[in-house]
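**Q** Following this message is one structure expressed as structure tokens.
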Amino acid sequence: MSEIQITPVRQPKWSSVHSHIRGLGLDKNGKALRVADGMIGQTEAREAAGLVVEMVKQGRLGGKGVLIVGPSGTGKTAIAVAMARELGEDTPFVAINGSEVLAAENKTEFLMQAMRRAVGVRMRDEREVVTGVVTDLKYLKRTSPFYPYPVLGGAKVTLETRDDSGTFTVGPEVAQQFQELGIRKGDVIMIDVNTGEVRRLGRVKEKAAVSYDIDVTENVEIPSGRVRSRREIVRTLTLHDIDASIAAQRAAFTIFGFLREESAISDEVRSRTDELVKKLRDEGKAELVPGIMFIDDAHMLDIEAFSFLTKAMEGEFAPIIVLATNRGMTTVRGTDEVSPHGMPRDLLDRLLIITTKPYSEDEIREIIRVRAEEEEVELSDDALSALTKIGAERSLRYAVQLLQPAKLAAERRGSSRVEASDVEQVSKLFADLKTSIEYVEKYKDLLLH
Ligand SMILES: Nc1ncnc2c1ncn2[C@@H]1O[C@H](COP(=O)(O)OP(=O)(O)O)[C@@H](O)[C@H]1O
Ligand SMILES: [Mg+2]
């Protein structure tokens, strides 16, 4: 067992268009607050999702999955993301699309890998780390021969504990994590010396910004001891991380061994992982963290994929499978059978169905307002109304996508605030999906096929 070196792979990043979502926004009794955790409206769906989260926490979802049904842009993905957030920061969230599965060379292998990426294993471990409060942080730029603009070359960071301090120059991989995590002076961080993985532990009490810090970062004490030291930490890996590192070690023994992330992993490797995880769990050194495997456009899956999923849901190490679709009655791909949402009955029997409804204009306005705040786009009242109108008439997603171009248009006028005219200008430049499809239809004969 000890010969297995596990290299942690970083948790998948939250899709940026859903970064404002911090949870389902429910009160203690599971009732949806109108606006909370970045979530607006969609009350019943959020409350239903809250019940699913509760069932997962109590281990009572057993063998069942979730299906979210609703028109496009009604927050199906947002709700799945919120469920993962409710389950905890280290809960894996894997999003795939039904058509990706269909296009995969080996459909079941693709699904299997996605499932194993969606199950976490939380482990206690002693690691060589540097830790402390950030007292200085400078990003280093460098020029690239392949790219005309300066790129991130690394960073120089100074860390202090109560007893020690040290300055470190780190490479671009680590510097990039600083940026993604929004590390700034006053944050307490920890860097794994062997893997370069960065964690933000919280903010130092006396340096914590007051009130308007909406994030839920805990205030923490300045660590004591040496900056560079061995410390016990808790890490969450995924089953796939462990599969990949076992497989990589195998590959190292073959002369031409060359393992790509996507390459198939043998059943034998997977059962070794399962045994290892069970053993660690029995010894109290690890616990399972079932995450969410989200399959969008699930009506695109075919009968082979559906059978695989139906069986997989029962497995001991299964994630919570959340499917989403905007289709009604349609043929199950690979059969002649017409069925609700294009899914076979035996699968539907195992799914808890949640529906999402189109938003009212007020809700659209509120969602755009929250997104604008998240993206640091200042909107005049008229601009917000213009975007709301676009959101209601065309699509919410399109309205949200116009925020950054509109901000740029405002900046070109020398203003930091977006006005209705900026919105109007960029909405003429960028097309929404409906328009782009009409365009292709209209010019069918002129465009290349
Ligand atoms: N109820 C909601 N509260 C806050 N943001 C939402 C809500 N519903 C959708 N959004 C945001 O609106 C955009 C479109 O929603 P999305 O989840 O992609 O819809 P769908 O998956 O149904 O097509 C995303 O940026 C999403 O985060
Ligand atoms: Mg979606």
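**Q** Hey, what does the equivalent ellipsoid look like for segment 361-437, semi-axes from the Cα gyration tensor as sqrt of 5 times each eigenvalue, largest first, whole Å?
**A** One finds semi-axes of 18, 15, 10 Å for segment 361-437.
**Q** Could you run the Debye sum over the Cα atoms of segment 63-124, one equal point scatterer each and no solvent, and tell me log10 of I(q)/I(0) at q = 0.18, 0.24, 0.26, 0.28 Å⁻¹, two decimals?
**A** Here the Debye-derived log intensity ratios amount to -0.84, -1.19, -1.23, -1.25.
**Q** If you filter segment 365-449 for trypsin sites (Lys or Arg not before Pro), then keep DSSP loop positions with at most 10 other Cβ within 10 Å, what is left?
**A** Passing both the DSSP loop test and the Cβ count: K444.
**Q** OK, next. For segment 8-128, what are Rg and Dmax over the alpha carbons, in angstrom?
**A** Rg and Dmax of segment 8-128, Cα atoms, are 15.8, 49 Å.
**Q** Please report, to two decimal places, log10 I(q)/I(0) for the chain at q = 0.06, 0.07, 0.08, 0.10 Å⁻¹ as given by the Debye formula with identical point scatterers on the Cα atoms and no solvent.
**A** Debye output, listed in q order: -0.31, -0.43, -0.57, -0.91.
**Q** Count charges around R397 for me, please; just the other residues with Cβ under 12 Å from its Cβ, Lys/Arg as +1, Asp/Glu as -1.
**A** Taking every Cβ under 12 Å from that of R397, the sum is +3.
**Q** If the cut-off is 16 Å between C-alpha atoms, which lysines fall inside it for K141, apart from same-chain ones fewer than 8 positions away?
**A** K156
**Q** Now, a different point. Springs between alpha-carbon pairs under 10 angstrom, Gaussian network model over the chain: which of G30, G391, G153 fluctuates most?
**A** For the chain, modelled as a Gaussian network with Cα springs under 10 Å, the answer is G153.
**Q** Any chance you could get the radius of gyration and Dmax over the Cα atoms of segment 328-399, in Å?
**A** Values for segment 328-399 (Cα only, Rg and Dmax): 18.7, 53 Å.
**Q** In what order do K278, K76 fall by count of nearby beta-carbon atoms within 10 Å, going from fewest to most?
**A** By the 10 Å Cβ count, ascending, the order reads K278, K76.
**Q** Further, regarding this structure: Need one number for segment 124-237: average projected area of the convex hull over its C-alpha atoms, nm².
**A** Computed as one quarter of the Cα hull surface, the answer is 8.4 nm².
**Q** Report relative contact order for the chain in percent, whole number only (criteria: Cα-Cα under 8 Å, sequence separation at least 6).
**A** Relative contact order comes out at 20 percent.
**Q** Do any GluC sites (Glu not before Pro) in segment 260-361 lie in a loop, going by DSSP, with at most 16 other beta-carbon atoms within 10 Å of their beta carbon, and if so which?
**A** Qualifying residues, ordered by number: E261, E262, E283, E314, E316, E337.
**Q** Further question on the same structure: Taking the Cα centre of the chain as origin and charging only Cβ (+1 Lys, Arg; -1 Asp, Glu), how large is the dipole, in debye to the nearest 20?
**A** With only Lys, Arg, Asp and Glu charged at Cβ, the dipole is about 680 debye.
**Q** Of K28/K205; K357/K389; K357/K434, which sit over 26 Å apart, Cα to Cα?
**A** Long pairs (Cα-Cα over 26 Å): K28/K205.
**Q** When DSSP assigns beta bridges and you keep just the ones with both residues in the chain, what percent turn out antiparallel, to the nearest 5?
**A** So the antiparallel bridges in the chain amount to around 70 percent.
**Q** Sorting Y359, Y439 on the 10 Å Cβ count, fewest up front, what's the list?
**A** Arranged by neighbour count, lowest to highest, Y359, Y439 become Y439, Y359.
**Q** Treat every Asp and Glu Cβ in segment 342-449 as -1 and every Lys and Arg Cβ as +1, leave all other atoms uncharged, and give the resulting dipole magnitude about the Cα centre to the nearest 20 debye.
**A** 360 debye
**Q** Sort the following peptides by mean Cβ neighbour count (other Cβ atoms within 10 Å, averaged over residues), highest first: 291-301, 178-188.
**A** 291-301, 178-188
**Q** Considering only DSSP states other than H, G, I, E and B, which GluC sites (Glu not before Pro) in segment 7-115 qualify as loop sites with at most 12 other Cβ atoms within 10 Å?
**A** Passing both the DSSP loop test and the Cβ count: E89, E105.
**Q** In a Gaussian network model over the chain where Cα atoms closer than 10 Å are linked, find which of I242, I40, I303 has the largest mean-square fluctuation.
**A** I303
**Q** Moving to a separate point now. Taking the Cα centre of each part, how many Å lie between segment 139-180 and segment 376-449?
**A** Here the answer is 36 Å between Cα centres.
No value in this document is a laboratory result; all are computed from the given coordinates. In this text, all values refer to a predicted model and were calculated from it rather than measured experimentally. Heads up, the Cβs are rebuilt from the backbone with ideal geometry, glycines too, and the neighbour counts pull from every protein chain shown.
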